[in-house]
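All remarks here apply to the structure that follows.
The values are calculated or read from the model by the stated rules, or taken from the named source; none is laboratory data. As the structure is a computational prediction, the values presented were derived from the model and not from experiment. Virtual Cβ from ideal backbone geometry, glycine too; neighbours counted across all protein chains shown. With ligands, DNA and RNA removed, areas are computed over all heavy atoms of the protein, side chains included. Shrake-Rupley method; radii C 1.70, N 1.55, O 1.52, S 1.80 Å.
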Amino acid sequence: MKLAKESILYKAVQNVIALLAIFVFSGASSLQTLNITAILAVGFLFITTISLSLGWQYLVWKNYFYFIEKEGVKIKHGVVRKNQREIPLRRIQNVDVTRNIVHRILGIAEINLETAGGGSTEASLKFVNLEEARNIQQKVRELKKEEKPEKTDEAEEGRTLLFELQTKELGLLCLTSVNGKAIAGLFAVLGLGGGFIGSQVEGLGLETAAASLFLLFAAVIFTWIGSAVTQFLQYFDFKLYRIDDSLEYERGLLNRSEGSIPLGKIQKLTIEENPLKRAIGYSTLKIETAGYSAEQSVEQGPESAIPIARRERVIEFTHMIEEFEDLNLQSIPKRARRIYFGRYAIASTLLLGLGIGADQFIGFNYPALVLLYPLSAVAAHLKWVNAGYGRGDSHFFTMKGFWNRQTMIVPYYRIQNLIESQTVLQRRWNLSSLTLDIAGTSAFQKDAVAEDIDTEEASRLREETFNAFKKSLLNL
Amino acid sequence: MRKPEKKVLGIWLLQAFIPTFILSLGLSWPIQEYTRAGYFTGFSGAFVLISALAVGYTVYRYRAWRFEMKEDHLYLEHGVFRKVYSMVPYVRIQHVDTQRDVLDRLFGLSKIVVYTAGSRGADVTLPGLLPGDADDIQRKLRDVAIESEDRDAV
């Protein structure tokens, strides 16, 4: 089969734009005197490049074939050097369809075939007609189903809508999308800056205080609006369907993305809440599969299956896709809280020392830094209270983080390695951590870790978890 | 519990030499500033000091390292500042390499790298093995991995 003809034009224009950009940046400054020859030359150059790249892209298109067969997906391409790639069907995890606004105008789509492991997308078809894209998704799905004959067509045909993001929820998502850490950072920087300015110009104290407060306020609003807009564009009209044994989502305003999450490949469920979401009782659900998701991948981590919904609804949903008993989490030892406080207090003391030092040279309002001590106590408590872990019958649970609290649910049969570790600092307090390593998308993902638990408990938990892992393999 | 061969200490000491040298260069300046010693004296002092630390670290590193092929998993213990106890189920082993880099060959040693699909356990390394032993362990690990191959790892 062939790619869409529109892709010739699209890619040619892409090439020319890239060339033009280089031209503008490099040569434009030398064209200060506009004479007719120069314009003609530029025009000539422009037309030549356009026709050349059109011609080239035509050849690329002409030499590009793909076949979707029982054995797998086969791609033959190459104008000068001929390439042929075959991807076995069972290795394909996802078929992702992505369309940006230009694609949508032209009625084309980019298809990415994701496989487990490897650092990148295995194959991407740029570009096919939208209809064809749907056909490919459908065909791969059907072929994959045929491969597993033991699973008959008991599952209902067609797709069922599982979740749709309501306008109210989209609004809440935008409002709560603020990055609390960034704002706290801003407060800290501007607070210190304010202290600095305040002590520099004493006569203007009131005005500068007002000015820095305004600046702070503006910065907070600005970052907030920025992330709200991103969320709005990304999750506009989010829909989650269930088709056979996979979840399929559609989302986005300008860039309409679609993708699938094969239920049989789920490695981990993560429920996320920042403090704002916790306050109104809402959560986000992310699902991690072993596949490599197209554009999300490294920076953003796994795909959201539910961008935002009431916490009870999210938990109900997790029970639907993974069978586990209640999320029973136990807290980590109380001495962990003392240790956190100790760490923060030491950091505060260092900062206070720096502040006093700075005051000698440039004038610095260091007494304000004393406030860091009560803050340390609050921070230590919040870190402690938001940490937890639990060993269920078939799943392991971990919870961590105040700014973005992540509750992870890991099936025992997904465990790849079990790692118990103890740093020098932990050793002093008889604490350890237990990491459940699972097959993942990237090294940057957050692992499921039960952090700062009692050392004996950690060792016991490691043995128990390993036994549960062995048992879970028998039940597969 | 098996331990790496004692010879591996030689490799680890050599590996520690370069950072030791660089650190000593860095430290020699403040030392001579404060003690008004000559540059060479400052450097030697720093070098002796840091070398002692490096030797201590390496010895401790050796003492902490041990591993064992248990019934159904590979068990490892290592780490100086961060002590690590890890369990790699044989079912999860994707493939097993033996590797010999220049230093290994110089000391007549070999090491084994066990790959799983895990994100961070991607390279579980057993250092300091005699080449014959390494081949043995590799074969054993391969066999136990094949034995339990049927189940889909991801």
Picking from A:Ala380, A:Ala468, the residue that is of a type in the set (A, V, I, L, M, F, W, C), in a helix (DSSP H, G or I) and open to solvent by 10 Å² or more (accessible area, probe 1.4 Å) would be A:Ala468
So is A:Asp447 facing chain B (nearest Cβ under 9 Å), under 27 Å from A:Tyr340 (Cα atoms) and open to solvent by less than 10 Å² (accessible area, probe 1.4 Å) or not?
no
Modelled with pLDDT of 90 or more and among the aromatic types (Phe, Trp, Tyr) - does that describe any residue in the stretch B:110-123?
-> no
When B:Val96 is run through (1) within 23 Å of B:Pro4 (Cα to Cα); (2) more than 14 Å from chain A (Cβ to nearest Cβ); (3) part of a helix (DSSP H, G or I), the failure sits at (3)
Scan the stretch B:117-132 and tell me whether some residue there is assigned to a strand (DSSP E or B) and on the phi > 0 side of the Ramachandran plot. yes
If you go through A:Gln422, A:Gln416, A:Gln426, the only one that is within 14 Å of another protein chain (Cβ to nearest Cβ) and not in a strand (DSSP E or B) is A:Gln426
For the stretch A:37-71 the number of residues that are open to solvent by less than 40 Å² (accessible area, probe 1.4 Å), modelled with pLDDT of 80 or more and either of a type in the set (A, V, I, L, M) or assigned to a strand (DSSP E or B) (or both) is 3
Per the list (1) modelled with pLDDT of 90 or more; (2) among the hydrophobic types (A, V, I, L, M, F, W, C); (3) open to solvent by less than 40 Å² (accessible area, probe 1.4 Å), residue check on B:Val55 breaks on (3)
Listed by first then second residue, the pairs whose first member lies in the stretch B:48-63 and is assigned by TED's automatic domain parsing to the domain that holds B:Ser24 and free of Cβ contacts under 8 Å to residues at least 60 places away in the same chain, whose partner is surrounded by fewer than 14 Cβ atoms within 10 Å (Cβ to Cβ) and of a type outside the set (Ser, Thr, Tyr), with beta carbons under 6 Å and at least 6 positions apart or on separate chains, are none
Consider B:Val84 carefully, then state whether it is within 10 Å of another protein chain (Cβ to nearest Cβ), in a strand (DSSP E or B), in contact (Cβ under 8 Å) with a residue 12 or more places away in the chain and closer than 22 Å to A:Glu464 by Cα. no
Being in contact with an Asp or Glu (Cβ under 7 Å, 6 or more places away or on another chain) and either more than 28 Å from B:Val144 (Cβ to Cβ) or among the small types (Gly, Ala, Ser) (or both) narrows B:Gly118, B:Gly79, B:Gly108 down to just B:Gly118
Kindly indicate whether A:Glu272 is within 14 Å of the chain's Cα centre (by Cα), surrounded by 18 or more Cβ atoms within 10 Å (Cβ to Cβ) and either of a type in the set (Asp, Glu) or at pLDDT below 85 (or both). yes
Among (1) open to solvent by 30 Å² or more (accessible area, probe 1.4 Å); (2) in contact (Cβ under 8 Å) with a residue 24 or more places away in the chain; (3) outside the structural domain of A:Leu350 (by TED's automatic domain parsing), A:Ala368 falls short only on (3)
Among residues of the stretch A:275-307 being assigned to a loop (DSSP other than H, G, I, E, B) and at positive phi, the residue modelled with the highest pLDDT is A:Gly281
| message | Among the residues in the stretch A:214-224, are any under 30 Å from A:Leu162 (Cα atoms) and modelled with pLDDT of 70 or more? | response | yes
### Query
Can you find a residue in the stretch B:58-67 that is open to solvent by 40 Å² or more (accessible area, probe 1.4 Å), hydrophobic (A, V, I, L, M, F, W, C), more than 14 Å from chain A (Cβ to nearest Cβ) and over 24 Å from A:Arg427 (Cβ atoms)?
no
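One line per residue, one yes/no per condition, for (1) open to solvent by less than 70 Å² (accessible area, probe 1.4 Å); (2) among the acidic types (Asp, Glu); (3) within 26 Å of A:Leu106 (Cα to Cα); (4) part of a helix (DSSP H, G or I):
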| position | (1), (2), (3), (4) |
| --- | --- |
| A:Ala219 | yes, no, no, yes |
| A:Thr223 | yes, no, no, yes |
| A:Ala228 | yes, no, no, yes |
| A:Gln231 | yes, no, yes, yes |
| A:Gln234 | yes, no, yes, yes |
| A:Asp237 | yes, yes, yes, no |
| A:Leu247 | yes, no, no, no |
| A:Leu253 | yes, no, yes, no |
| A:Gly259 | yes, no, yes, no |
Next item on the list: Could you please let me know if B:Thr98 is out of contact with any Phe, Trp or Tyr (no Cβ under 9 Å at 6 or more places or on another chain), polar (S, T, N, Q) and at pLDDT 85 or above?
Entry: yes
